[in-house]
Amino acid sequence: MLLGSYSGESPKGLAVGAPLYLNWAPDGSSLLVHQDANLYLIRVKKAESSPPATVGNGSSAYNSVSWSPDSKSFAHVETIDGAHAIVITQADDLGSQEILA
């Protein structure tokens, strides 16, 4: 996956590997990228100045990401203590997570 630039600079490589799934926030401000067992958040307006942020513990082969309608949070699956759990994460504070199951 490449990130282009309107400034005319060469595109940057962001992720290589499979599976590779993308999920846009409803407001278009952020992109969640699921690559292998990892989940990354790319804040589109800050993409050129900051690297993708790692979300969660990188423990799930499939994260099943879903955004809230207001783009303020998203749900994904992680393996916690050997079991799959649904985790709600705040998009503006990746350390703020609620484990549902």
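The values are calculated or read from the model by the stated rules, or taken from the named source; none is laboratory data. From a predicted model like this one, the values you see are computed outputs, not experimental measurements. Every residue, glycine as well, gets a Cβ built from its backbone with ideal geometry; the counts of neighbours run over all protein chains shown.
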Just give me the residues in region 42-72 being at pLDDT 90 or above, surrounded by fewer than 18 Cβ atoms within 10 Å (Cβ to Cβ) and outside any loop (DSSP other than H, G, I, E, B), in sequence order. SER66
Which pairs turn up if I take residues in region 67-92 that are under 22 Å from LEU22 (Cβ atoms) and look for partners that are of a type in the set (Lys, Arg) and modelled with pLDDT of 90 or more with beta carbon separation below 6 Å, at least 6 apart in sequence or on another chain? ALA91/LYS72
Extreme residue, surrounded by the most Cβ atoms within 10 Å (Cβ to Cβ), among residues of region 80-94 that are part of a loop (DSSP other than H, G, I, E, B) and not hydrophobic (A, V, I, L, M, F, W, C): ASP92
